[in-house]
1. Tilt of helix B:106-119 relative to the longest C-alpha principal axis of chain B, in degrees (0 to 90, nearest 10)?
2. So what's the angle, to the nearest 10 degrees on a 0 to 90 scale, between helix A:204-213 and the longest Cα principal axis of chain A?
3. Across peptide B:90-101, what mean number of C-beta atoms from other chains lies inside 10 Å of a residue's C-beta?
4. So how do B:56-68, B:75-87 stack up, highest first, on mean other-Cβ count within 10 Å?
5. Quick check on the protein assembly as shown: of the DSSP beta bridges with both residues there, what percent are antiparallel, nearest 5%?
6. Work out Dmax and Rg for chain B from the C-alpha atoms and quote the Rg first, both in angstrom.
7. Which residue fluctuates most in the GNM of chain B (Cα springs below 10 Å): B:73, B:124, B:157?
8. For chain B, modelled as a Gaussian network with Cα springs under 10 Å, which listed residue fluctuates most, B:88, B:179, B:34?
């Protein structure tokens, strides 16, 4: 069996980093004067307080991110693979991607609200639009870089188009898709905060802004930590999935 | 029977057109073992891809047992220079892949694969990934992956070029054993003159670009015991070296 390696340090390294961050925050609460910053203990106890609003809003935010990532994956991965292997089509579609990819999707927030209303779907669309391009461009570039020998190899075994996509191109692109996904989680969290800051009464973004407006800094900080934890949990889940599914891709790594 | 009549192939890349092969004619009978030698870039690998049905000749005709290679399905197998193994699949999954894409049930495919893996001495590597194998082991897996399809024509593109001298000799012996056991047409592209003499009953010499078939040399002693130390072997390697130099300068 393959020995799986976690990137960015082991569990003990992560625990140590978390303790350092908590310590630094505690230090900050002592140094900063004029504003009453909540202590680390206060924030942690709020996070685990049964029946508080954090879990309710946190689950809504998690659902929004997961649905957006799911839609973006389902659309971007097949399209990216197809464009990467069909240069004629990519020559037509490529310029559109080139022009639209660098545009910050957040600027479309008012337009999305006008078109889809103020519900969940507009916030999900905004996150999906941002993440979609990251996964699409990464997958397309990965598909383009497939060695010709791999194409000859599956064809010489009698594999047709479906076998090529299933047994060769998809597994070849998968490590790159996971990388894009991990990067996308950070981007998605930022867009989520922005999308939840307007015209809604649900989600962690709303909770952060609302508690800030009510000078409830303890809840505001707890919501910020909850949002960070949401990103962290998603990142870790993707990392574990990648280590399980793409263990082969790390076999040649020099440690 | 493999028949190649007046075959030419031209690569068209953007504004560049290169004639890689020209006027190639030969016929290989069942059970014959052929080696192809020639200078680098003379179209040897291109010829192999044409024979495998991966590309269509620009001119001329290729047929194996009366059909174009692209219609021969499992009758033709190709072993690529870099082995062509998929790093995301285990050894067993690599070996069974050709059967799986032909809709052979998994259980049956595994049985057939295990049989051939025992024959090639790689049965213990079933769960390993290609990155965990040595060059010789990868080559055995590549051979197993081809042989499990029970082909009638086995094409090999410099299969032993990345191996050390001892492993290369072992693999050559293995290939001779396979060739003796199965009535295969084998077609081997190699840079190595000694290898061509060891493995080719007939040896094709190609000229430099565009690749033309300069000569087909008969090698009746091939496969006999102790052939490497015979005068016949030495004379033939010397002759081929001279002919190759001539074809290079031509």
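1. Taking the Cα atoms of chain B, the angle to B:106-119 is about 60 degrees.
2. 30
3. Details: counts 1, 0, 0, 1, 3, 0, 0, 8, 7, 2, 6, 10.
Other-chain Cβ atoms within 10 Å of each residue's Cβ, averaged: 3.
4. Packing order, densest peptide first, comes out as B:75-87, B:56-68.
5. 55
6. Both quantities, over Cα of chain B: 18.1, 55 Å.
7. B:124
8. B:88
Each value in this text was obtained by applying a stated rule to the coordinates, not by laboratory testing. Treat the numbers as computed from the prediction; the structure is a model and nothing was measured. A quick note on method: Cβ atoms are made from the backbone with ideal geometry, for glycine too, and the neighbour counts reach across all protein chains shown.
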